[in-house]
Amino acid sequence: MCGRLSQYRGVHEFVETLSMPEVWRNNVGDQPLARYNVAPTTPVAVLRVDDAGPRADLVRWGWRPHWATDRAAPINARVEKVAHGPFFRAIWPHRAITPIDGWYEWVDEGGPKKQPYYIRRRDGSPALCASIGQFAGNEHDGFVIITADSQGGMVDVHDRRPVVLTPELGREWIDPGTSKEHAEQLALNLGEPAEAFEWYRVSIAVGNVRNQGAELIEPINEPDQQGHLKL
């Protein structure tokens, strides 16, 4: 997880899900984002709080420290290592929420191509993904989504999943007053369980990032009531 995601609602809907009544600086725009196939290295809407209050910005998906020139910028960070490893040390204090409508995973089912699946919250609300990044307002800005081991039936789709927080915990996550130690415990232990999500097969057309239509998230085979693969 996760190499592609969708962000098709408007920022106001994402902010409403987070349930923060403060005045937000919206640097994204008021229209629906209408992005159904978001690839790494492209701008993604993120929600965060700085010294002047809450804000929504478009930030490049992917980040690496200035000294890591021998590798591509990662787009995800493993929750088991992110708080203490040297790679993300500089941005661990800079927390954000990446609100997404869902994400894609590819499964090897024995065919000529891997089968894409779309994963989303079962209740239809956005997924509030714990993220960290550099938000200095320059060309080095970027962010990563924090991931954890998958649970339950979701391991059939992929062994990793984003750390998705409830609105209450999401507010704690981006609160500057939340200690780094408490933030680590939120990410390690309080992500939404597999039962909060559903997943289903979608068209292989999502493999081409030039395809961006709403039809990409339409199921070609529905999941059962437990959210497990229905083959």
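The values are calculated or read from the model by the stated rules, or taken from the named source; none is laboratory data. Owing to the predicted nature of the structure, the values given are computational and were not obtained by experimental measurement. FYI the Cβ positions are ideal-geometry reconstructions off the backbone, even for glycines, and counts take in every protein chain you see. Remember, those area values only see protein heavy atoms, side chains included, never the ligands or the DNA or RNA. Shrake-Rupley method; radii C 1.70, N 1.55, O 1.52, S 1.80 Å.
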**Prompt:** Considering amide H positions built from the backbone, and no H for Pro or chain starts, which residues 5 or more places from SER150, or on another chain, come under 5 Å of its amide H?
**Reply:** ARG160, ARG161
**Accessible-area composition of the stretch 33-130, carbon plus sulfur, in percent [1.4 Å probe]** = 53
**Message:** At 222 nm, what value in deg cm²/dmol follows for the chain if DSSP H runs of at least 4 each add -39500 (n - 2.57) and the sum is divided by all its residues, to the nearest 500?
**Reply:** -3000 deg cm²/dmol
**Request:** Output ³J(HN,Hα) for the stretch 62-77: one whole-Hz value per residue in order, computed from phi by the Karplus curve 6.51 cos²θ - 1.76 cosθ + 1.60 with θ = phi - 60°, and x for Gly and Pro.
**Result:** x, 7, 8, x, 4, 8, 9, 8, 9, 8, 5, 5, x, 9, 10, 9
**Message:** Once the cut-off is 18 Å, how many percent of the Cα-Cα pairs in the stretch 17-71 end up in the long-distance tail?
**Reply:** 47
**Asked** Applying the Karplus parametrisation 6.51 cos²θ - 1.76 cosθ + 1.60 with θ = phi - 60° to the phi angles of the stretch 38-53, what ³J(HN,Hα) value in whole Hz is obtained for each residue in order, glycine and proline being reported as x?
**Response** 8, 9, x, 6, 9, x, 10, 6, 10, 10, 7, 10, 10, 4, 9, x
**Fill in**
quick note, the chain, DSSP beta bridge pairs, % antiparallel (nearest 5) is 85
**Request:** May I ask which residue of PRO99, ALA77, GLY53 lies farthest towards the positive end of the charge dipole of the stretch 50-100, with charges of +1 (Lys, Arg) and -1 (Asp, Glu) on Cβ and the Cα centre as origin?
**Result:** ALA77
**Prompt:** Using alpha carbon coordinates only, what is the Rg to Rh ratio of the chain, with Rh defined as the Kirkwood radius?
**Reply:** 0.95
**Request:** Give, as a single signed number, the net charge of other residues whose beta carbon lies under 13 Å from the beta carbon of VAL28, with Lys and Arg counted +1 and Asp and Glu -1.
**Result:** +2
**Message:** Please list, by residue number, every one of the chymotrypsin sites (Phe, Trp or Tyr not before Pro) in the stretch 33-114 that is coil in DSSP and has at most 16 other beta-carbon atoms within 10 Å.
**Reply:** TRP67
**Fill in**
Among VAL209, PRO167, VAL11, the residue whose Cα sits farthest towards the positive end of the charge dipole of the chain (+1 at Cβ of Lys and Arg, -1 at Cβ of Asp and Glu, taken about the Cα centre) is VAL209
**Message:** Which residue fluctuates most in the GNM of the chain (Cα springs below 10 Å): PRO86, PRO162, PRO54?
**Reply:** PRO86
**Prompt:** In debye to the nearest 20, how big a dipole does the chain give about its Cα centre with +1 on each Lys and Arg Cβ and -1 on each Asp and Glu Cβ?
**Reply:** 660
**Request:** Please say if the stretch 1-127 is rounded, prolate or oblate, where rounded means a/c under 1.5 for a ≥ b ≥ c the square roots of the C-alpha gyration tensor eigenvalues, and otherwise the choice is prolate for a/b larger than b/c and oblate otherwise?
**Result:** oblate
**Message:** Output wanted: per-residue J couplings in Hz (rounded whole) for the stretch 152-164, from phi through Karplus 6.51 cos²θ - 1.76 cosθ + 1.60, θ = phi - 60°, x for Gly and Pro.
**Reply:** x, x, 5, 5, 5, 9, 6, 7, 10, 8, x, 7, 9
**Prompt:** What share of Cα pairs, in percent, lie more than 13 angstrom apart in the stretch 40-105?
**Reply:** 72
**Prompt:** Where the only charges are on Cβ atoms (+1 Lys, Arg; -1 Asp, Glu), what is the dipole of the stretch 13-67 about its Cα centre, to the nearest 20 debye?
**Reply:** 340
